[in-house]
1. Within the stretch 169-185, how many residues turn out to be more than 16 Å from ligand 1 (Cβ to nearest atom) and either at negative phi or aliphatic (A, V, I, L, M) (or both)?
2. Among the residues of the stretch 295-328, write down those that are surrounded by fewer than 21 Cβ atoms within 10 Å (Cβ to Cβ), of a type in the set (A, V, I, L, M, F, W, C) and more than 17 Å from R280 (Cβ to Cβ).
3. Considering each of K47, K28 in turn, give the residue that is surrounded by 15 or more Cβ atoms within 10 Å (Cβ to Cβ), under 17 Å from the mean Cα position of the chain (by Cα), assigned by TED's automatic domain parsing to the domain that holds I235 and charged (D, E, K, R).
4. Given L141, L146, which one is closer than 23 Å to R201 by Cβ, touching a Gly at 6+ places or on another chain (Cβ under 8 Å), open to solvent by less than 70 Å² (accessible area, probe 1.4 Å) and modelled with pLDDT of 90 or more?
5. Under the condition of being among the aliphatic types (A, V, I, L, M) and in contact (Cβ under 8 Å) with a residue 40 or more places away in the chain, which residue from the stretch 52-82 is farthest from ligand 2 (Cβ to nearest atom)?
6. Is it true that some residue in the stretch 57-75 is closer than 24 Å to L200 by Cα, away from ligand 1 (no atom under 16 Å from the Cβ) and at pLDDT 95 or above?
7. Would you be able to say whether some residue in the stretch 142-152 is outside any strand (DSSP E or B) and either acidic (D, E) or in the same structural domain as T214 (by TED's automatic domain parsing) (or both)?
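The values are calculated or read from the model by the stated rules, or taken from the named source; none is laboratory data. Worth saying up front: this structure is predicted, and the values here are computed from it rather than measured. Glycine gets a Cβ as well: all are built from the backbone with ideal geometry, and neighbour counts include every protein chain shown. All accessible areas refer to the heavy atoms of the entire protein, side chains included, with ligands and DNA or RNA removed. Shrake-Rupley method; radii C 1.70, N 1.55, O 1.52, S 1.80 Å.
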Amino acid sequence: MYMDKCINAHDTLIGSRGAPVSVAGLRKNFKKFAALDDLSFDVKPGKITALLGPSGCGKTTALRCIAGLEVPDDGEIKIGNTVVTSISKGTLLPPNKRNLGMVFQSYAIWPHMTVGQNVGYPLKVRGRKGSDIERQVEETLSLVGLGGYSTRPAGKLSGGQQQRVALARAIIARPSVILFDEPLSNLDAKLRARMRFELLRLQREVGITSVFVTHDQAEAMAIADELIVMNRGRIEQRGDARSIYMEPASEFVADFIGVSNALEAIVVQSSSEAGITTVRLSDNPDITIKSRARCKLIEGQRCQAFVRPESLRLSSAQTTPAYDDNILEVTVLATQYLGNTIEVEVRLGNSELRLALEPHHHLAQGDRLHLRMAAHDCILLEGASR
Ligand SMILES: Nc1ncnc2c1ncn2[C@@H]1O[C@H](COP(=O)(O)OP(=O)(O)OP(=O)(O)O)[C@@H](O)[C@H]1O
Ligand SMILES: [Mg+2]
């Protein structure tokens, strides 16, 4: 399908390891549905960029466009200095000319072949000598922790081992970019957490630019140098894990990344710039709190206050609040002891809040306590819809 559009195509990418990727104005409609809606981003060379977002937000479609497996309706994609897709210029390099490695959720290895035949396949199709292939297969298998597995039947390996074979096959030809689509989601939780570390180590070692698609925010935060949070085919926010978590730019991001308490509020007193702003809680008109506005908000404006469970503290003693602290009376509704933390639900007037406290706290249902919430930790965003 793409071959007939394949004009101006370069013979092959003069790819070096760690090429940058740039995606500009990508659009893809399935019938009337916009899976990608003017998507633009770039991926820094040698870094891991995660495309993160809920199911159906367009992550796989974006990745398939980069791979050349999907033809966008509009937009341009560059890998290194090579335009691999350009709808306006009529350029569409086929997938095997893009110098990419790919690792998908289903391991997509050939079970009837040995591990070595699987891993060496990309070199074989490039016409490399048998002895070269053998040497490089052994080297690459060691890199992914499967040294000595070359002659084993691939279909007899465990899920985690099969995914390592897929990974070895993706990196053996030293592509300039690797595309990962939920590569760890078929693995059990423990193995998945371990594979995150291994992937990261491997990526640092080989330095190949990586685009990593996942809907798991913890995975994205753990592994990526930069996160791109997507929603409905568009970018909501991009940044490193810390800034996305601590400084969500929209209600969607605050809600999607981690756990947030959200309180509807109305601005009582705004600051001159984005900064400490006093709001009244919509469900509790007699409670005002000082919060940190992410944008300029004016008096009377409706907004949402977001605060993370781990930013909240409880104390039994009444203390005088510092200038930028909120001390609020709450009642404990429920507690869950989880070993490394206690999750607590409290009632604040007509609202409920979740807290994550250190496990040494002893709390009982019905305890009346003082909740401490620093204004800095309570982020105000525009809008009141949820
Ligand atoms: N070939 C297709 N035909 C019709 N609709 C499609 C096709 N491929 C994707 N879509 C639709 O486009 C949207 C984006 O799909 P995509 O697979 O990119 O989502 P995703 O973010 O990868 O989701 P998930 O996390 O579930 O894998 C979805 O609504 C999906 O149903
Ligand atoms: Mg997908």
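1. Of all residues in the stretch 169-185, those more than 16 Å from ligand 1 (Cβ to nearest atom) come to 169-178.
Filter once more, so that each one left must be either at negative phi or aliphatic (A, V, I, L, M) (or both): 169-173, 175-178.
Total meeting the criteria: 9.
2. Listed by number, the residues that qualify are C295, L314, A317, A322.
3. Values: K28 fails: under 17 Å from the mean Cα position of the chain (by Cα).
So the residue among K47, K28 that is surrounded by 15 or more Cβ atoms within 10 Å (Cβ to Cβ), under 17 Å from the mean Cα position of the chain (by Cα), assigned by TED's automatic domain parsing to the domain that holds I235 and charged (D, E, K, R) is K47.
4. Numbers: L146 fails: touching a Gly at 6+ places or on another chain (Cβ under 8 Å).
Matching residue, one of L141, L146: L141.
5. Taking the stretch 52-82 as the starting set, the residues that turn out to be among the aliphatic types (A, V, I, L, M) are 52, 62-63, 66-67, 69, 71, 77, 79.
Keeping just the survivors that are in contact (Cβ under 8 Å) with a residue 40 or more places away in the chain gives 52, 62-63, 66-67, 71, 77, 79.
On the way: L52: 11, A62: 9, L63: 8, I66: 13, A67: 13, V71: 18, I77: 18, I79: 21 Å.
Applying the filter and picking the extreme gives I79.
6. Looking for residues that are closer than 24 Å to L200 by Cα, away from ligand 1 (no atom under 16 Å from the Cβ) and at pLDDT 95 or above, one finds none in the stretch 57-75, hence no.
7. As a first pass, look at the stretch 142-152 and keep what is outside any strand (DSSP E or B): 142-152.
In the following step, the residues that additionally are either acidic (D, E) or in the same structural domain as T214 (by TED's automatic domain parsing) (or both) were identified as none.
Looking for residues that are outside any strand (DSSP E or B) and either acidic (D, E) or in the same structural domain as T214 (by TED's automatic domain parsing) (or both), one finds none in the stretch 142-152, hence no.
Let's see how each residue does on (1) within 27 Å of the chain's Cα centre (by Cα); (2) away from ligand 1 (no atom under 16 Å from the Cβ):
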{"site": "N231", "(1), (2)": "yes, no"}
{"site": "S282", "(1), (2)": "no, yes"}
{"site": "R294", "(1), (2)": "yes, yes"}
{"site": "Q301", "(1), (2)": "no, yes"}
